[in-house]
Amino acid sequence: MRRFEDKRVLITGGARGIGQATADRFASEGARVLIAGRLGDVVEQTAGEIGRKHGTQVLTCAMDVSMKADVEGMMTVVGEHMGGVDVLINNAGVCYTTPFLDIPEETWDQIIGMNLKGHFLVAQAVAREMVKARSGVIVNMCSTNGLVGEANYAPYNASKAGILLLTKTIALELAPYGIRVNCVSPGAIVTPLSAAPGDESLSDEYIRTHIPLGRTAQAEEVASVFAFLASDDASFITGESIVIDGGQIAS
Ligand SMILES: NC(=O)c1ccc[n+]([C@@H]2O[C@H](COP(=O)([O-])OP(=O)(O)OC[C@H]3O[C@@H](n4cnc5c(N)ncnc54)[C@H](O)[C@@H]3O)[C@@H](O)[C@H]2O)c1
């Protein structure tokens, strides 16, 4: 399948984990990919690997999605090197686990800033360009933690619940311009983020008791849903969240 031949795809947080697998998936289907994210050298390295694998050039931009000036800088790179964005994969995010009673105010601001505000800033900047083109697709990164509560993840869960309603709201506002907006809501996916110290979500016991399919997922299993939602196969889907969790929150 090469559903994205010459489509311009911007992926935030594409240096590793789900974003990296998604960049690889879009490049494999013919897209012109730009990876934006923190840790410029890792972004460069990932882009180089994906580019060599698929015989294409993957563009890069070192930036922090929670900083408006960085997002503006990213849009300048987009304008100069791609001339626009057909697909935004708004993926960058951080996780954080601490009991509610112990969360410092600055940590709350940081997590909401990187996850929720970051999604807002990037989606708004890209949508303004998509509106001029009267076409485009935005896929945001939510989580099962944005749909059901889980103890000790208050700012993360609040940020992801915010992204869900951000998705639905801007889907309504952008539909008249032919722009679709959806999100994916993964459960337990194996990435550097999910292996964070203190995160028990991948223990054998947890998997046995919480995930009906009896396993965690690979990042590629989220990348394929990103690609589906970005493709014409999903041409009548907007304002939707697709849960990718092996049945974890089905009951
Ligand atoms: N891994 C899971 O089980 C899981 C489940 C549900 C949702 N998610 C979401 O998927 C997304 C990707 O997670 P992952 O598991 O691949 O994690 P990861 O840590 O492997 O990758 C996250 C990427 O985002 C980048 N990033 C983080 N904050 C950023 C910022 N402020 N500006 C720019 N780049 C930033 C990181 O540098 C990294 O490259 C996150 O939004 C996460 O909340 C992950």
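The values are calculated or read from the model by the stated rules, or taken from the named source; none is laboratory data. Not measured: the values here are computed from a predicted model. All Cβ positions, even for glycine, are placed from backbone atoms using ideal geometry, and neighbour counts span all protein chains on display. Ligands, DNA and RNA are excluded from the accessible area calculation, which covers all protein heavy atoms including side chains. Shrake-Rupley method; radii C 1.70, N 1.55, O 1.52, S 1.80 Å.
Odds and ends about this structure:
- Highest-first arrangement of 136-148, 237-249, where packing means the average Cβ count within 10 Å: 136-148, 237-249
- Rolling a 1.4 Å probe across the protein heavy atoms gives the chain an accessible surface of 47 Å² per residue.
- Residue 193 versus residue 72: modelled label distance in nm, points set 7 Å from Cα along the beta carbon direction: 2.7
- Dipole moment magnitude, nearest 20 debye, the chain about Cα centre, only Lys, Arg, Asp, Glu C-beta charged: 740
- Over the chain, DSSP H runs of length four or greater, each weighted -39,500 (n - 2.57), average out per residue to a 222 nm ellipticity of -13500 deg cm²/dmol.
- Ordering of 87-99, 39-51 by packing [mean C-beta count within 10 Å, highest first]: 87-99, 39-51
- Of all accessible heavy-atom area on the stretch 106-251, the percent that carbon and sulfur account for (1.4 Å): 57
- Checked against a 30 Å cut-off, the cross-linked pairs 7/168; 68/132; 7/117; 53/160 give Cα-Cα distances beyond that limit for 53/160.
- In the stretch 135-239, the chymotrypsin sites (Phe, Trp or Tyr not before Pro) that fall in loop regions by DSSP, at most 16 other Cβ within 10 Å: 236
- Between the stretch 104-118 and the stretch 150-197, the Cα center-to-center distance that results, in Å: 14
- Across the stretch 145-251, Cα-Cα distances exceeding 17 Å account for 60% of all pairs.
- One way to sum up the overall shape of the chain is the equivalent ellipsoid from its Cα gyration tensor, whose semi-axes run 27, 20, 19 Å, largest first.
- Potential lengthening between residue 124 and residue 175 on full extension [0.36 nm per residue; Cα-Cα distance subtracted]: 16.9 nm
- With 10 Å bins from 0: P(r) over the stretch 20-99, alpha-carbon pairs, percent: 18, 50, 26, 6, 1
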